[in-house]
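This report concerns only the one structure given below.
The values are calculated or read from the model by the stated rules, or taken from the named source; none is laboratory data. Keep in mind that what you see is a predicted model, and the values were worked out from it rather than measured. Neighbour counts run over all protein chains shown; Cβ positions are idealised from the backbone, glycine included. Accessible surface is based on the protein model in full, side chains and every heavy atom, while ligands, DNA and RNA are left aside. Shrake-Rupley method; radii C 1.70, N 1.55, O 1.52, S 1.80 Å.
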Amino acid sequence: MGRPTTKTDLLTAAASNYEKLNALVSDLTEKELSTLFDFSGEEKKKEAHWKRDKNLRDIFIHLYEWHQLLLSWIQSNQNGDKKPFIPEPYNWKTYGDMNVQFWEKHQATSLEDAKSMFQKSHSEVIKLAETFSNEELFSKGVYKWVGGSTLGSYFVSVTASHYDWAMKKLKAHKKIVLRSRM
């Protein structure tokens, strides 16, 4: 399936990738869970997140914090408080620094708490998505505060697309741990 462009496809893709991510997490061995992520030997993995996230907790926290961005952004704008998706002092050019701040903020958060926070925020995001019509989600110009995109594209980005990112990272980690056993 391509990137969702309807409410039904959004909810289906979010649920499917959420289930796949949870299944992948459930299948992690103790060794995979206890081994810190180290992608330094992977030449193609140059983006900052490959160095930033060191374990499963970090992934759950990243997903949770992006859920919070969406929830806060929509709530604020629906209440008449014009607010950008990326909070100040960050913007789309500096959101990597924001991601590092999220990472730093949660270094004392346990894996169990991070997983619970992620699961709860996923449910909140899905419940919120369900309150919008297909037109509200996927027609441009419905909400001025969304800009030139669609509200649904933000939901896709913080759910299905982000879950896909998390799965790719976990699968890469599993391969590295497996290679280290050989």
Search the stretch 130-147 for residues that are at pLDDT 95 or above and of a type in the set (Gly, Ala, Ser) and pair each with any residue that is outside any loop (DSSP other than H, G, I, E, B) and surrounded by 12 or more Cβ atoms within 10 Å (Cβ to Cβ) when their beta-carbon atoms are under 8 Å apart and the residues are at least 6 apart or on different chains.
-> SER133/LYS7
Which numbered condition trips up ASP113, out of (1) in contact (Cβ under 8 Å) with a residue 40 or more places away in the chain; (2) surrounded by 14 or more Cβ atoms within 10 Å (Cβ to Cβ)?
-> (1)
Taking only the stretch 34-48 into account, find how many residues are touching a residue at least 60 places away in the same chain (Cβ under 8 Å), open to solvent by less than 80 Å² (accessible area, probe 1.4 Å) and within 21 Å of the chain's Cα centre (by Cα).
-> 3
Residues being open to solvent by 10 Å² or more (accessible area, probe 1.4 Å) and in contact (Cβ under 8 Å) with a residue 60 or more places away in the chain - total across the stretch 51-61 = 1
Report yes if PHE118 is more than 26 Å from LYS45 (Cβ to Cβ) and in contact (Cβ under 8 Å) with a residue 40 or more places away in the chain, otherwise no.
-> no
Can you tell me which residue in the stretch 85-105 is farthest from TRP50 (Cα to Cα), limited to those that are touching a Phe, Trp or Tyr at 6+ places or on another chain (Cβ under 9 Å), open to solvent by 50 Å² or more (accessible area, probe 1.4 Å) and not acidic (Asp, Glu)?
-> TRP92
Out of curiosity, is ALA108 among the aliphatic types (A, V, I, L, M) and open to solvent by less than 80 Å² (accessible area, probe 1.4 Å)?
-> no
